[in-house]
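Peer 1: Please find one structure pasted underneath; my questions will follow.
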Amino acid sequence: MSEFILITGCSTGIGLHLARRLQQEGFHVLATARNPADVDQLQAAGIKAYPLDLNNEPSIEQAAAWAIAQSSGQLYGLINNGAYGQTGAIEDLPTQALKEQFNTNLFGWHHLIRQILPVMLSNNRGRIIQISSVLGLVAMKYRGAYNASKFALEGYTDTLRLELRETAVQISLIEPGPIRSQFRHNALNKFLQNINYTSSRHKEIYQLTLQRLQNPEPKNPFTLEPEACVAPVLHALRNKRAKVRYSVTWPTHLFAILRRVLPTRWLDSILCRSA
């Protein structure tokens with residue numbers, strides 16, 4: 001039987017690639033995106049799609065109701081992917097910008113899970129897949145808002161896994177390192193919107209940040225295509241016993257090990273150079 005899978009953040013990058021590939025694999029994909037134009041493009045490509053703004057609770061509730069109706073109450077999978085990265089030093093970060101980061105990257109996901117989880121529990125089956133990041137394992141400078149949201153997501157997901165332990169619903173974390181996407185473009189817009197970089201003591205670093213975010217090609221040699229996330233997601237959906245965590249890209253494997261074996265200050269030194 002082909003399963004119904006709801007995916008958030010399908011306008012570009014990992015979410016768009018997963019929507020296409022999972023549909024090719026025979027799943028009934030229910031894709032969502034914040035921008036109506038992106039929803040139209042998904043539908044034009046033959047993918048069922050619906051608008052979803054993770055920073056808006058009524059939008060989340062409407063999208064969840066749509067997905068439940070489309071699946072006739074048999075929704076099997078939820079892939080939480082929609083997110084963005086707010087760059088900037090913590091001291092320069094307006095509190096409202098931090099709230100918005102958490103609204104999209106965590107609170108919106110939580111509200112969606114609360115709409116979908118009762119259906120999965122009632123059906124006695126289901127998979128929830130959370131797209132996290134290497135920055136949910138280790139922190140890097142000038143990414144404090146994003147670091148915090150992903151660290152919180154890791155703890156949130158670990159807790160939910162414990163609470164679902166006696167049920168048939170499994171939850172997994174996908175932890176990518178650098179993946180080629182529109183992530184830097186979106187981060188640039190948020191940086192310009194929220195950070196007063198010309199008057200900051202970090203303004204010289206910010207000039208480098210602007211150059212990095214404006215460059216369409218990533219400089220990190222370990223950057224992979226979104227395809228790298230497909231195999232872990234398929235395993236998490238299909239395997240009888242999904243893994244708790246799936247590391248994607250070499251840096252994620254490396255830092256997962258280093259944070260366990262190195263003294264904190266040694267790891268800090270490596271992370272500062274990496275940033």
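The values are calculated or read from the model by the stated rules, or taken from the named source; none is laboratory data. None of these values were measured; they are calculated from a predicted model. With ideal geometry, Cβ positions are generated from the backbone for all residues, glycine too; neighbour counts draw on all protein chains shown.
Peer 1: Quick one: count up the residues across segment 15-33 that are over 14 Å from the mean Cα position of the chain (by Cα), within 17 Å of Gly108 (Cβ to Cβ) and not small (Gly, Ala, Ser).
Peer 2: So the count comes out to 1.
Peer 1: Shifting gears a bit: Which one is surrounded by the fewest Cβ atoms within 10 Å (Cβ to Cβ), of the residues in segment 17-46 that are touching a strand residue (DSSP E or B) at 6+ places or on another chain (Cβ under 8 Å) and touching a residue at least 60 places away in the same chain (Cβ under 8 Å)?
Peer 2: Phe27
Peer 1: Which condition number does Ala49 fail, the rest of (1) within 21 Å of Ser181 (Cβ to Cβ); (2) surrounded by fewer than 19 Cβ atoms within 10 Å (Cβ to Cβ) being met?
Peer 2: So Ala49 meets the others, but not (2).
Peer 1: Just checking, how many residues over segment 134-171 are of a type in the set (Ser, Thr, Tyr), more than 12 Å from the chain's Cα centre (by Cα) and either under 20 Å from Asn124 (Cα atoms) or in a helix (DSSP H, G or I) (or both)?
Peer 2: Adding up the residues that qualify gives 4.
Peer 1: Does segment 139-162 hold any residues that are surrounded by fewer than 23 Cβ atoms within 10 Å (Cβ to Cβ) and under 22 Å from Tyr206 (Cβ atoms), and which are they?
Peer 2: Listed by number, the residues that qualify are Ala139, Met140, Lys141, Tyr142, Arg143, Gly144, Asn147, Ala148.
Peer 1: Shifting gears a bit: Taking Asn239 and the conditions (1) modelled with pLDDT under 95; (2) among the polar types (S, T, N, Q); (3) under 24 Å from the mean Cα position of the chain (by Cα), which numbered condition does it fall short on, given that it satisfies the others?
Peer 2: Asn239 satisfies every listed condition except (1).
Peer 1: Sticking with this one: Within segment 224-249, track down each residue that is loosely packed, with under 14 Cβ neighbours inside 10 Å and either touching a residue at least 60 places away in the same chain (Cβ under 8 Å) or not in a helix (DSSP H, G or I) (or both).
Peer 2: Once the filter is applied, which keeps residues that are loosely packed, with under 14 Cβ neighbours inside 10 Å and either touching a residue at least 60 places away in the same chain (Cβ under 8 Å) or not in a helix (DSSP H, G or I) (or both), segment 224-249 yields Glu225, Glu227, Asn239, Lys240, Arg241, Val244.
Peer 1: Go through segment 34-56 and give me each residue that's assigned to a loop (DSSP other than H, G, I, E, B), under 21 Å from Phe107 (Cα atoms) and touching a helix residue (DSSP H, G or I) at 6+ places or on another chain (Cβ under 7 Å).
Peer 2: Passing the criteria: Leu52, Asp53, Leu54, Asn55.
Peer 1: To continue, here is another question. Filtering segment 66-90 down to residues that are free of Cβ contacts under 8 Å to residues at least 60 places away in the same chain and in a helix (DSSP H, G or I), which residue is surrounded by the fewest Cβ atoms within 10 Å (Cβ to Cβ)?
Peer 2: Quick first cut of segment 66-90, residues free of Cβ contacts under 8 Å to residues at least 60 places away in the same chain only: 66, 68-69, 72-73, 90.
Among the residues that remain, those that are also in a helix (DSSP H, G or I) are: 66, 68-69, 90.
Working: Trp66: 18, Ile68: 19, Ala69: 10, Ile90: 13.
Out of the qualifying residues, it is Ala69.
Peer 1: Which residue pairs have Cβ atoms under 6 Å apart, sit 6 or more places apart or on different chains, and have a first residue in segment 105-118 that is over 9 Å from Asn80 (Cβ atoms) and of a type in the set (A, V, I, L, M) and a second that is modelled with pLDDT of 95 or more and surrounded by fewer than 23 Cβ atoms within 10 Å (Cβ to Cβ)?
Peer 2: Leu106/Ala152
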